[in-house]
Amino acid sequence: MVEARTRSKAPVRNPVLRRLFSNRLALVGGVILALLALGAVFAPWLSPYSPTQTNFTALQQPPSSQHLLGTDELGRDILSRILYGARVSLVAGLVSVSLALVLGGIIGLVAGFYGGWLDNLLMRLTDAMLAFPFLVLAIALAAVLGPSLQNTLLAIGIVTTPVFARLVRGQTLAERPREYVQAALALGVGDGRMLLRHLLPNILGPLIVQVSLSTAAAVLAEATLSFLGLGIQPPTPSWGSMLNAARGYLAYAPWMAIFPGLAIFLAVLAFNLIGDGLRDALDPRLKR
């Protein structure tokens, strides 16, 4: 019994996890993100009403025991729509950033490892994309591709790619002269194996941090595109489209905008807190 208690109180041995778990703000972000993820996954069971069902006898009702967060201009339950909208926002953030991570990772690894004219070509193309503001480029691509969830994910993924390309290239250039890389090259290790088995695992730390921070930006970008009518289309619920619908009712139905806006705020805050915690945990020199 004593031995069991001793084991349960054993400290976390991994220094990275220990620093991460000791960061209270990162834990707060993790809890918020976990609640949002659970709400999105279990939305069919947690939602008290259908997110698309209209009820003209309950138009713009304030929060009450029947509708905890009130109803919108068509009598739809706002809580149900926020829970289902979490699916769109989280999927948009994770999928688009995963796409950017793969594309940017390939570009950065190739540019940093081979250098020369290939590096110059890839980085000039990256610089050209970075010259445009993030949201402006995302809006332009979404407008060209057409309004849909798939096109929104593609547009956000493309405009996020240069961030990862630059980061991976810089980390690759820093690792390229190290002894383990030179030793592997001397032993005749192939380029593909060198990039994937040797270089990539040693630059994962900064990538993980950037993934969390870029996901926050992607969630905000998806909400912006949906607000402008370039994202997922009604009646599918989206936090951004809910804000757009609430614009004309702010004076006498403010709950229609408050709760979707709060959901966006919490999602972005959670990813940013986790990103800051991961940065401090992976690089203790930045910890105050």
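For the reader, a short list of remarks on this structure follows.
- Proximal charge balance of THR160 [Cβ under 13 Å; K/R count +1, D/E count -1]: 0
- Compared with the dominant principal axis of the Cα atoms in the chain, helix 116-130 is inclined by about 20°.
- Across region 184-201, rounded Karplus estimates of 3J(HN,Hα) from the backbone phi angles (6.51 cos²θ - 1.76 cosθ + 1.60, θ = phi - 60°) give 5, 5, 5, 7, x, 5, x, 4, x, 5, 4, 5, 8, 9, 10, 6, 4, x Hz, Gly and Pro being marked x.
- Gyration tensor verdict on the chain (Cα atoms; rounded if a/c is under 1.5, prolate if a/b is larger than b/c, oblate otherwise): oblate
- Overall form of region 87-171 per C-alpha gyration tensor (a/c, 1.5; a/b vs b/c): prolate
- When shorter helices are ignored and each DSSP H run of at least 4 residues is given -39500 (n - 2.57), the per-residue value for the chain at 222 nm works out to -22500 deg cm²/dmol.
- Rg/Rg_globular for region 165-288, with Rg_globular taken as 2.2 N^0.38 Å and Rg from C-alpha atoms: 1.57
- Region 22-90 - percent relative contact order, Cα under 8 Å, separation 6 or more: 32 percent
- The ranking of ILE232, ILE156 from fewest to most other beta carbons within 10 Å of each one's beta carbon is ILE232, ILE156.
- Note: relative contact order over region 86-156, using C-alpha pairs below 8 Å and six or more positions apart, is 40 percent.
- Selection of chymotrypsin sites (Phe, Trp or Tyr not before Pro), region 42-124, meeting DSSP coil and at most 16 other Cβ within 10 Å: PHE42, PHE56
- Likely footprinting exposure, LEU204, LEU187, LEU122, LEU145, fewest C-beta neighbours within 10 Å first: LEU187, LEU204, LEU145, LEU122
- Among the trypsin sites (Lys or Arg not before Pro) in region 21-103, none sits in a DSSP loop with a Cβ that has at most 15 other Cβ atoms within 10 Å.
- Listed from fewest to most Cβ neighbours within 10 Å, the set THR126, THR161 follows the order THR126, THR161.
- Proximal charge balance of LEU46 [Cβ under 15 Å; K/R count +1, D/E count -1]: +1
- Anisotropy class of region 160-206 from Cα gyration tensor, a/c 1.5 cut: prolate
Any read-out appearing in this document is the output of simple, stated calculations on the displayed coordinates, not a laboratory observation. Being a predicted model, the structure only gives us computed values, none of them experimental. Ideal geometry is used to build each Cβ from the backbone, glycine not excepted, and the neighbour counts take in all protein chains shown.
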